[in-house]
Structure formats: structure tokens, C-alpha cells
1. Considering the Cα trace of the chain, what is its radius of gyration and what is Dmax, both in angstroms?
2. Starting from the Cα coordinates of the stretch 199-333, work out the convex hull volume and express it per residue in Å³.
3. When the dipole is taken about the Cα centre of the chain, and only Lys, Arg (+1) and Asp, Glu (-1) are charged at their Cβ, what size is it in debye, to the nearest 20?
4. At 0.36 nm per residue, and after removing the present C-alpha to C-alpha distance, how many nm does the segment from Asp152 to Arg20 gain when stretched out fully?
5. Who wins for biggest fluctuation among Asp289, Asp279, Asp22 in a Gaussian network model of the chain, springs between alpha carbons below 10 Å?
6. Val318 to Ala78: extension gain in nm, 0.36 nm per residue of separation minus the Cα-Cα distance?
7. If you average the C-alpha positions of the stretch 83-135 and of the stretch 231-254 separately, how far apart do those two centres end up, in angstrom?
8. From largest to smallest, what semi-axes in whole angstrom does the stretch 24-66 give when each is the square root of 5 times an eigenvalue of its alpha carbon gyration tensor?
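Values in this text are rule-based calculations from the coordinates and carry no lab data. Everything quoted here is computed from the prediction, not taken from an experiment. Counting neighbours? That spans all protein chains shown, and the Cβs are built from the backbone with ideal geometry, glycine included.
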Amino acid sequence: MTKHPVSSADTLKQAWQDLRADHPHMRIRDAAATLGVSEAELLATDCGNRVTRLREHWPALLGAVGTLGPVMALTRNAFAVHEKTGLYEDICPCGDMLLISGHHIELYLSTGVWHSGFAVMEETHLGPRHSLQFFDTGGEAVHKIYLTEYSDAGLYRRLVDIFRADDQSPNLELPTEGTKSALDALASSQDLPEHWRRLLLVHTTEAVLAGRIATPALRELMRQLAELLLPIQVLVGNPGAMQLHDGPIQNLKITGPWFNVLDQGFNLHLNEMAVAGADIVQLTYQQRDLTGLLVRDQNQQTILTIVGQFDEADGENVLWRDLLKALPVIGPG
């Protein structure tokens, strides 16, 4: 990423204010890209005002989120946004990872690559919106937690006070190199719950490419899944977090380049302009067939993953496998 040519946080903050004056609806992620800095660096310029830097005690901080009641968890990468509303209840360390589960929430957080966290207040047309936002060593957002109308705002303020960092300067120094997770090593971990091991295995060298489908076929598959209300697992991740939806999808909508799932408690936004195709992969898991769909970008990086429901006794959902087999394959990938 090209660094912003200015030398001070004050100058960067002024540049951001000028940009917002010209583009009042621009998101901070896009503003950071325009200004040539990371989102975390740009956000830090507002420390002491609407932003509070948090201490890097991630397990304790995330454990405290469980007291807030229903919140909205957001995990994204460059081309997909995954939003789930639920409870942060059970937190289980797994090496440098944290597994979080609760009512409608399933997260796999690689906190070893987390670098900074902030409590953020944003003004919206509906009033102030409060969130906890976490960033990796490159300053990229890995996970965000938004209060809902059912969250406990008083406990949120207490949480921010408890985890408030001593340093509230507007400058943010980032390491020169980040850390990437190795999925093959993660998937082989004996500490992982079975459903996470299955999900991660479809990304590893154990999975064999069975064919590739184009974006129209992916749309048609999603339409069929919604029509059948077939339970599936939808995973969106980045180097610092993976977030899972487990259940059916229902309400689909196309908005410009975005393919959207707009269900109660679950939203998915996929930028179809970035999709090069979706790879159907197969492997054997516990002596049973396992089939996954990996939606790829132009650089063959996985944007999102979809797998069918898997029963320990009966194996993979047969209807899910049949739907994939019926898709028009355009090539080996």
C-alpha cells in the first residue's frame, strides 16, 4: 500500500475531513484507500474524540462482549461482508486462536495477527452507532462488533473504560511485515471442533478440484438453496478472523455489483464484479464424501466458502451434493 505523503496525524485527519466534506457518504475503508493509508491508521487520527484505543487483551475483552447481550458481528475481506447478530457466549482458546460460539454466533479468530483495537462512535441518520473494531498488523479490519438496539449500552461504556489504553495519541505505528495463517496446519489441529476442521479442510491440499462454475451458475445455486431453505454453512474470512453462518438462506437481492442475502440475523454481501468463478472441491472426511464450493477472485484467493450440512451419522447432505453436480461446469479452474 502506498503510504500517505503527510508526516503528521493532524494533517492526515484534516485530509480525511476534507475528503468527507466532498464525499459525505464515503466509507472509511474507501477513504483510507483514497488517502493511501490503512483503515486503522485513519481511524486512529480520531482518538480522544469519537475513537478510543483499547488495550491488547483480546481474550478478556472478547469475553466481556458476552455481557452486552445481542450484538452484530461483522467479518469481511476485500469482496465479501458477513454479518451475524447473536451472542458471544463460549470462548475457547486454541493455540493462538480463539473459538467463539453462542446463539447464532460462530467465530474463529486468529488473534496472533491482531495489532490494534478501538471503540468507535459514528454518527448516522438513526443516531450514534457504537462498535468495537479490530485490525491486523497491516492495519486492515479483521473483525467488528456493533451494538444493536438490544445491547446493554451501560455495560458497553463500562467495557470501554476498563479496556481503555493509556496511549490515546492519534498516531499508529504498524509493523513492517504481517503474519499469515497456514490453513493446512490449522485443519490438522486436534483441538479443533469437528465442524471447523471440516470447513478448513476444503481449503487445504486434501481437497481435489472437481470443476469450476461461472457467476450466473453461482447465482442460480443460491436461488435454489433459498427456494429449498436447505441448511448450508457460509464462511467469510481474512487472515485474522473467520465467521460462519450455519442454516438456510432466504431473501436474495441484487444491488448494483452486490449479491446480497438479507435475512433476519444474517446478511451477506458479495461483490460479483470481483468473482472469477467458484471451484467445486471434493475430499474424503471420516470415510465419507465432502463437497465444498470456494468462490474465488481474479487472483484465485477465496472470497467465501459454502458447504452443505454434514451429519456425523449420515454424512453430507445428499441434496446439496446433487445440486452441485447439476451445475454447468466451465472448466477445471
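1. 20.3, 61
2. It is 114 Å³ per residue.
3. The dipole magnitude comes to about 540 debye.
4. Length gained, Asp152 through Arg20: 44.5 nm.
5. Top of the fluctuation ranking is Asp22.
6. 83.2 nm
7. 16
8. Equivalent ellipsoid of the stretch 24-66: 25, 11, 11 Å, largest first.
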